[in-house]
Structure formats: C-alpha cells, structure tokens
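Please read the structure below before turning to the comments.
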Amino acid sequence: MNRIALIESGVSAPTKFVYQVYPPHGLMYLASYLRSKKPDLKIKIFDLMVNRASAESIEKKLKNFSPDLIGIHAMHFQAKSLHQIAQLAKKQTKAIVVVGGPYPSSEPKTALSDPNIDIAVRGEGEISFFELVDALSQKKEIKAIPGIAYRKGEEIILEPEREPIPDLDQIPFPAWDLIELEKFFDFKILTQNDIRWKKELATIFTSRACPYGCIYCHNIFGKRFRARSPENVLGEIQLLYNQYGVREIHIIDDCFNFDMERAKKILKLIIAQKLDLKLAFPNGIRGDRLDPELIELLKTAGAYKLNFGIESGSQRIQKLIHKGLDLEKIKQNIELVNKAGIFIHGFFMLGFPNETEADIKKTIEFAIKSKIHTAGFALLTPFPGTKVREMAEEMGRKVEFDPEDTSYARIACNLTELSDQKLKFYHRLAHWRFYFRIRQVFKIFWAIPNKWLLPRIFWAHFRLKFL
C-alpha cells in the first residue's frame, strides 16, 4: 500500500447557500503524520471545497493516480458529496475507502451502511489512521485498532474509542506542501471570519478540545484541553510566513485562551519576531477569560478581530446549556477590547430547550447594549452526536435535520416554549434591531478593513441568515 489519496468532500446543496472555506487541516495532519512514520508513501490531497468542485471532477485524477487507499473527510453538510465520492472511487479504482471527520465520527453506522465505504475512523484520526494503513499494508487484522468502525458481514463493528493524543507537539506541522495555499489568498473565498485584512491568509490550530460542556457542541477532540507549546506554534507561523508568504493568520481553536498564560506567551513570541502579521480568531474565544494584559498583547501582536461565543444573554440559559459564561465579566471585557480598537463579533443562538420569550429578549438586549460591532443570531440545530440532540429525543421532539441546509433561519427542531412562528419572528427581529441602527452602521463602517468588501459581506450574511 504505497499510494494514498485524501479527499476533502465538496457540497451538493443548492447554490443559494454560502459555505465557509478553510484549508483541509484534518487531511493535512493525516498526511504529515503518515509521512513521518512511512516516508516512502505517495500521498495526494484533493480539495473539492476550495474549488466548489463536484465529485465527478476528480474522477480522472483518481484514475491517473491509482491509489491503494482513499480517505474522505466530511462534515455533516458534506455527507452527500462523501457518498458520491465513495461510489465513484469504487467504480474507478480498487482502493479501500476510509472515511473520517465529524459526520462519520458521530454517525459511523449511517456512513458504513453505504457498501462503497469500507472503514470509518472516528474522532482524532492521526494515530488510528496510521495504524490502519500500517495493518492493511502488512495484511494484518484491523479489529484491534481503537477508534475505527467497519463491517463484518452484516454487522457493523465499533472498536473502542481512542484516547486523545496527549502531546500535540509530537504531530508534525500540517502538510502545507500538499495543498494549493495560494487559492485561499483570493478575497472571493468566504471564511468564517467574513472579513480579512490581508489576502495572504492561512489558518492554524494551536490547541484541541474545549473543556466546557456546551450541549450543542461536537466531541471530536474530547473534552480535555490539549495545547501545542508556544514554541511549536511559533515554528508553524514562521514556516507559513517565510516559506509561503502568509501575512494573516486565523487561529481556529475551540478555546485558544483557556490557558491564558500560554496564550500570552504565544503572542509575546510573535511580537518578539517583529512579523508583519495580522491575527483574527473566527472560531470564537472565551470572552470571560481575558485580562487587560492579554488584550494589549493581542492588539500588539496584530489581532484586529475577535469573535466571542456568547450564545445567550440569559444567565439561566447559560447554566442550562452548560456554557456558564460570566455575563458581567464578558460585558467588561467587550468594553476593554472595543477600547483597544479591535473589531468584535458576537455569536448568539436562539432555540434552546425550554427557552422562554423573556430569555430571548435578554439575548437580543445583551447584543444591542454591548459594544460589539457585528452579531449573528443562529437558530439552534441539534446535530447528531451532541447532548442537545439527546435532549430533543428525550423530549419526544422530531428533529428535521437536513445536513445540506446551513441556513441559520431554519428551525430543525423547536425545543423552546414558543411557537415556530414566534421563534422565527424573534430571529428576524434580533437581526433587524441589531443592524438597522444608524450608529451601528457607522460603527461597522469605520472599524472594518477593506471597506470595498462590505457589499459582498452583507450579502453573504443576508443569504446565510434569511434565505
């Protein structure tokens, strides 16, 4: 087994939906770890997301490469594309098809019901995938490999979960050489950050997992916070800066600032290098784990935008969803970040279990009265594998989950005490009340870099939230 194709699934949804695109880190980490253990392997990465490509677009490439194994990554909205690729792969090659990512990890039996898929890797994949490749290369049994799932006759076998990797520094930097990074430099590419300061953009993970137990979150990386050392993080930033010309970094950790001292050291190392670099945190940082020193270091290191995952302005709901944000503390920190001249976006959700009209009003008022620049109000989707999905089932509520429909305005399952009509009303009202204020419009205009991107940004937000 010498040739491995790794594929980032595309999308098959209607064109009105907007998908945010990042380099395929999961596949890049698999590739780098495999190469560190088996240097003679020939590995190629095919990214269908960055080109909005169909499954059929790689048919000829796979045939020419003739892989022995094909690994396909998919989130839930990419599920249909994953199955299309698997079917195509079995038709065109004799390769073993292995799938991974949030979709197969949370629904391995659903994925493996497809006869074109041979094996699923669940959760953190580097070690499991390497052991799988190693066993297949030596024609050994795979049944004892933790973290995988496979068919045995008509039965689907789920091996025990693998323990998360404790030392992330042992994993080599992602295989940046296997992707066309310059494609992500195009301003037309919409990232989760929506805006960017410079075009030469790359994204990095400096840690894995979030120790908080939010009921709506995935559990791919477990709940034990594990972090790369500051020196290791700086090494990857220097590689991207010097070898690939990157001038803007988006840190997409689940909780970058959980360890505040580590976060400060990373920023101090960046500052000491005197790099011409801009930073943003689009995946959200923990808003009540900031202090004046950390805020000042963020600003000095080049941070121009922070996203705060606030979710609810009701302390009752904060406790119910196990997020437990200190709302008074985050109000104070928003004030400090705003004074530092850093753009602030707030993530909010409506539709939590037993949420009342009063709770929703508190969330809207929190957003309006805060000093954040932009806000997103999403209707809750109980994704498979999450605690809130279990709660929905326990409440006897039907979940109309459409993995290809990423509209934030769609009610997948109403768990609140409001009617569907009332919930939709408040969802629209939240956006109207927040954005349709002259003062807020000017606040956004003066704070945002690259103002010529504003029409595209607002149109993308409109499509995501209202269509």
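The values are calculated or read from the model by the stated rules, or taken from the named source; none is laboratory data. Please read all numbers here as calculations on a predicted model, not as lab measurements. FYI the Cβ positions are ideal-geometry reconstructions off the backbone, even for glycines, and counts take in every protein chain you see.
For the range 155-174, a residue qualifies if it is in a loop (DSSP other than H, G, I, E, B) and either surrounded by 14 or more Cβ atoms within 10 Å (Cβ to Cβ) or in contact with a His (Cβ under 9 Å, 6 or more places away or on another chain) (or both), and the qualifying residues are E159, E161, R162, P164, I165, I171, P172, F173, P174.
Being buried (at least 16 other Cβ atoms within 10 Å of the Cβ), among the polar types (S, T, N, Q), part of a loop (DSSP other than H, G, I, E, B) and within 25 Å of the chain's Cα centre (by Cα): is that true of T203 here? No: the conditions fail for T203. Only residues that are outside any helix (DSSP H, G or I) and either over 16 Å from F377 (Cα atoms) or not assigned by TED's automatic domain parsing to the domain that holds G351 (or both) were counted across the range 416-458, and they come to 7. Take I317 and decide whether it is buried (at least 21 other Cβ atoms within 10 Å of the Cβ), not small (G, A, S) and not in a loop (DSSP other than H, G, I, E, B). Criteria met by I317. Report, by residue number, each residue of the range 127-154 that is loosely packed, with under 14 Cβ neighbours inside 10 Å and either more than 32 Å from the chain's Cα centre (by Cα) or under 14 Å from V99 (Cα atoms) (or both). If the condition is that a residue be loosely packed, with under 14 Cβ neighbours inside 10 Å and either more than 32 Å from the chain's Cα centre (by Cα) or under 14 Å from V99 (Cα atoms) (or both), then Q138, K139, K140, E141, K152, G153, E154 are the ones that fit. Between I364, I344, the distinction of being more than 20 Å from F205 (Cα to Cα) and in contact with a His (Cβ under 8 Å, 6 or more places away or on another chain) belongs to I344 only.
Screening the range 58-93 for residues that are of a type in the set (K, R) and touching a residue at least 12 places away in the same chain (Cβ under 8 Å) and picking the one that is farthest from I4 (Cα to Cα) gives K80.
Anything in the range 97-124 that is closer than 19 Å to R3 by Cα and either in contact with a Phe, Trp or Tyr (Cβ under 8 Å, 6 or more places away or on another chain) or among the aromatic types (F, W, Y) (or both)? List them, or say none. Matches in the range 97-124: V98, G100, D118, I119, A120, V121. Is it fair to say A367 is within 20 Å of I438 (Cα to Cα), at pLDDT 95 or above and not polar (S, T, N, Q)? So A367 fits the description; yes. Per this entry, D253 is counted among residues that are under 27 Å from K199 (Cα atoms) and assigned to a loop (DSSP other than H, G, I, E, B). Only one of the numbered conditions (1) assigned to a loop (DSSP other than H, G, I, E, B); (2) farther than 25 Å from S32 by Cβ; (3) touching a residue at least 40 places away in the same chain (Cβ under 8 Å) is violated by K109, and that is (1). Annotation note: of L350, L298, L306, the sole residue that is at pLDDT 95 or above, under 25 Å from the mean Cα position of the chain (by Cα) and farther than 26 Å from R428 by Cα is L298.
In the range 15-29 there is no residue matching the filter, namely being in a helix (DSSP H, G or I), of a type in the set (S, T, Y) and surrounded by fewer than 17 Cβ atoms within 10 Å (Cβ to Cβ).
The single condition among (1) of a type in the set (G, A, S); (2) crowded, with 20+ Cβ neighbours inside 10 Å; (3) under 25 Å from K183 (Cβ atoms) that A301 does not satisfy is (3).
Yes or no, residue by residue, for (1) surrounded by fewer than 20 Cβ atoms within 10 Å (Cβ to Cβ); (2) in contact with a Gly (Cβ under 6 Å, 6 or more places away or on another chain); (3) under 30 Å from K443 (Cβ atoms):
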{"residue": "L336", "(1), (2), (3)": "yes, no, yes"}
{"residue": "G351", "(1), (2), (3)": "no, no, yes"}
{"residue": "T363", "(1), (2), (3)": "no, yes, yes"}
{"residue": "T374", "(1), (2), (3)": "no, no, yes"}
{"residue": "P382", "(1), (2), (3)": "no, no, no"}
{"residue": "E394", "(1), (2), (3)": "yes, no, no"}
